[in-house]
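See below for the structure under consideration.
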Amino acid sequence: MTEADLYLFDVHGWLRIPQVLSPDELAAANAAVDHHADRITIRPNDLARESGTLAGATGRGDLGGMLTWEKPYCDPFRAMMVHPRLTPYLESLLGPGFRLEGMGTITMDEGAEGFWFHEGGEPFDRSRGFLYRNGRMYTGMTNAAVQLSDVGPGDGGFACLPGSHKANFPCPDDIRLYEAHQERMVQPTARAGDVILFCECLMHGALRWTARHQRRSVIMRYNNGVTSEGVMGSYTPPDFHDELTPEQQAVISPPGYRGEDKGSKLYGPKQ
Ligand SMILES: O=C(O)CCC(=O)C(=O)O
């Protein structure tokens, strides 16, 4: 991460990383989504809650299972999870051995409802927290949202309250429902191929989608190597494990202590 990236992520809790996907990678991911478009599940208008400003004519679309799709459709998503343009950001925030905990595609058609503003730094949640210590940032769940379509000013989609990952007071419900202080929220613009990187403890949600074209955002949820939100009992690798590269396998390996640098030679090499 550059000096500016570090500063902006610390202050705002999110970053736009331009043109992570090449035009070919972008086209392959969109072709794979097109091929599986009949599997998009439209939600039953349950994300705006009781907000009049976020309500929409239709629900958001959810599409999952991309890593399990038949070849070649799974390939762009398997490559995305350890994309060389993203890995340095994830290592800076999550440390060595960061883990992928989930991946899904969000779609929104014109008029689709928004999503109430959830999370935020208060109350502290250790799986989704944000901490500055030892001269660096430590994040919990950290999301890389790969944009498969353009997001223009006022189009809607992902929005957040910059700086709320460090909040100390609970957020009033009318702000969470986008009914008060709307001018404080930011709806980042992006080009297809960009990534919006944000820590889950940033208060975020989505504005109603107003553009004619379909919103497509592939959200990859990462966490540090020590934390898991899901494993109970022993870890079973997914069926497609043997088809993955060693780098891809590493990012879905079970959680465990990764032996981060403790700053003293007295610790010596890990036994
Ligand atoms: O991008 C969006 O539509 C919202 C995503 C979201 O709220 C989340 O990832 O928790």
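A few comments on the model shown:
- Residues (within 15 Å of the ligand (Cβ to nearest atom) and either more than 30 Å from D46 (Cβ to Cβ) or not charged (D, E, K, R) (or both)) located in segment 95-110: L100, G102, M103, G104, T105, I106, T107, M108
- Residue in segment 68-78 that is crowded, with 16+ Cβ neighbours inside 10 Å and either modelled with pLDDT under 95 or within 16 Å of the ligand (Cβ to nearest atom) (or both) present: no
- Here I175 passes the criteria (1) outside any helix (DSSP H, G or I); (2) more than 15 Å from the ligand (Cβ to nearest atom) except the one numbered (1).
- Residue within segment 260-267 that is modelled with pLDDT under 90, surrounded by 10 or more Cβ atoms within 10 Å (Cβ to Cβ) and of a type in the set (G, A, S) present: no
- Flag for R85 being surrounded by fewer than 20 Cβ atoms within 10 Å (Cβ to Cβ), under 16 Å from the mean Cα position of the chain (by Cα) and in a loop (DSSP other than H, G, I, E, B): yes
- From D34, D5, D24, residue being in contact (Cβ under 8 Å) with a residue 40 or more places away in the chain, surrounded by fewer than 18 Cβ atoms within 10 Å (Cβ to Cβ) and not in a loop (DSSP other than H, G, I, E, B): D5
- Here R208 fulfils each of the conditions (1) over 20 Å from D109 (Cβ atoms); (2) within 16 Å of the ligand (Cβ to nearest atom); (3) among the basic types (K, R) apart from (1).
- Subset tally (residues that are aromatic (F, W, Y) and within 13 Å of the ligand (Cβ to nearest atom)) for segment 154-172: 1
- Exactly one residue out of S92, S127 is farther than 23 Å from S51 by Cβ, touching a Ser or Thr at 6+ places or on another chain (Cβ under 7 Å) and more than 12 Å from the ligand (Cβ to nearest atom), and it is S127.
- Check on A180, farther than 28 Å from G97 by Cβ, part of a loop (DSSP other than H, G, I, E, B) and aliphatic (A, V, I, L, M): yes
- Test: residue in segment 171-190 that is within 21 Å of the chain's Cα centre (by Cα), within 28 Å of P88 (Cα to Cα) and crowded, with 21+ Cβ neighbours inside 10 Å: yes
- Filtering segment 129-157 to residues that are of a type in the set (A, V, I, L, M, F, W, C), within 30 Å of A27 (Cα to Cα) and touching a Phe, Trp or Tyr at 6+ places or on another chain (Cβ under 8 Å) leaves M141, A144, A145, V151.
- Counted residues, segment 109-154 - those being outside any loop (DSSP other than H, G, I, E, B) and over 13 Å from the mean Cα position of the chain (by Cα): 13
- Test set (1) in contact with a strand residue (DSSP E or B) (Cβ under 7 Å, 6 or more places away or on another chain); (2) at pLDDT below 95; (3) part of a loop (DSSP other than H, G, I, E, B) - G56 fails condition number: (2)
- Close contacts from segment 96-108, counting a first residue that is touching a residue at least 40 places away in the same chain (Cβ under 8 Å) and in a loop (DSSP other than H, G, I, E, B) and a second that is basic (K, R) and surrounded by fewer than 21 Cβ atoms within 10 Å (Cβ to Cβ), with Cβ to Cβ under 9 Å and a gap of 6+ residues or different chains, come to P96/R258; G97/R258; F98/R258.
The values are calculated or read from the model by the stated rules, or taken from the named source; none is laboratory data. A quick note: this is a predicted structure, and the numbers were derived from the prediction, not measured. Don't worry about glycine lacking a Cβ; one is built from the backbone with ideal geometry, like all the others, and counts go over all protein chains shown.
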